[in-house]
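Here the structure comes first, spelled out in structure tokens, and everything after it is commentary.
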Amino acid sequence: MWDTVLELQRREEELQRLRKLLEKLKSQRDDYLRQIDEVLQEERQIIAELNEAIDSIRHQEEKLRECEENLKRSEERLKKVRKAEEYRALLKEKAKNEDCIIKGRQRLQELKRQKTHIEQKLKEPTRVKRKTQLEEALGELEDDIRRLEKKYQESYEEFIAFCQKVPPDILEEYQKLKEKVGLPVMVKVDTFGTCSYCGTKLPSSLYSKVIRGEKVICPTCGKVVY
Ligand SMILES: [Zn+2]
């Protein structure tokens, strides 16, 4: 009887251990997914910055072209002008366009520098490496979870099959004990005669029974001591 109870307990404790391990791995997986999401978020942010820089450059180039065309026009008109007043106005306009071109070119250089800087940020080795490492670790973890789920399923089926072979009265006794004291239902006695579960020192009358190979109930935790 007690050997069967011990075997039931052993199998059920193994299932419990596998369940806990699975939970731990799944929470680790959630953690990896969260970290990967953070990296991706960061990447999306940089790509948005890059697109913004590209837009600014295009806008600035258009503006520069416009100033260059205006300058050309005012130069041509200067060749044809007669009146001194008109000439002065055109010279002023020409100077304005030249100024626009100089400033525009400087601004364009600056924007291109910014774009290069953002592109470097996008290729930043530590972030890229971190992403790869996280994805690899996640892949391995997913494999572990799949293996463990399979193992758990197998152990569970074996446990059910084992229970079907156990005489009903033993199974009932085991269930009753489990409801009363929880797993484990049976615990070993320690050297010096204490219950290995709760540490209570057994009275010598009980301890001597254990020594003779009998099963006794721990007066504190209620588990079967052997
Ligand atoms: Zn105890």
Within straight-line cross-link reach of LYS209, lysines at Cα separation under 18 Å, skipping those fewer than 8 residues along the same chain: LYS188, LYS201, LYS223
- prompt: By residue number, which cysteines of the chain lack any other Cys whose Cβ falls under 4.7 Å from their Cβ?
  reply: CYS163
field: All aspartates and glutamates inside 17 Å of LYS80 as judged from Cα atoms, apart from same-chain residues fewer than 8 positions distant
entry: GLU93
- line: For the chain, longest principal axis from Cα atoms; helix 2-80 axis from its Cα atoms; angle between them, nearest 10 degrees, is 0 degrees
message: For region 41-104, I need the span (max minus min coordinate) of the C-alpha atoms along each principal axis, in Å, sorted largest to smallest.
response: 63, 14, 12
GNM top mover of ARG17, ARG212, ARG146 - the chain, alpha-carbon springs below 10 Å: ARG212
field: Acute angle (nearest 10 degrees) that the helix 168-181 long axis makes with the longest principal axis of the chain, alpha-carbon atoms
entry: 60 degrees
- line: Averaging 1/r across every pair of distinct alpha carbons in the chain and inverting yields a Kirkwood hydrodynamic radius, in angstrom, of 25.9 Å
message: Counting only other residues whose beta carbon sits under 14 Å from that of GLY139, what net charge do I get with K and R as +1, D and E as -1?
response: -2
message: Rounded, prolate or oblate for region 1-67? Axes are the square roots of the Cα gyration tensor eigenvalues, ordered a ≥ b ≥ c, and the cut-off for rounded is a/c under 1.5.
response: prolate
field: Structure-based [θ]222 nm, the chain - -39500 (n - 2.57) summed over DSSP H runs of at least 4, per residue, nearest 500
entry: -29500 deg cm²/dmol
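All of the numbers you see were taken from the coordinates with simple rules; none came from a lab. None of the values given here were measured: they were computed from a predicted structure. Cβ coordinates were reconstructed from backbone atoms using ideal geometry, including for glycine residues, and neighbour counts include every protein chain displayed.
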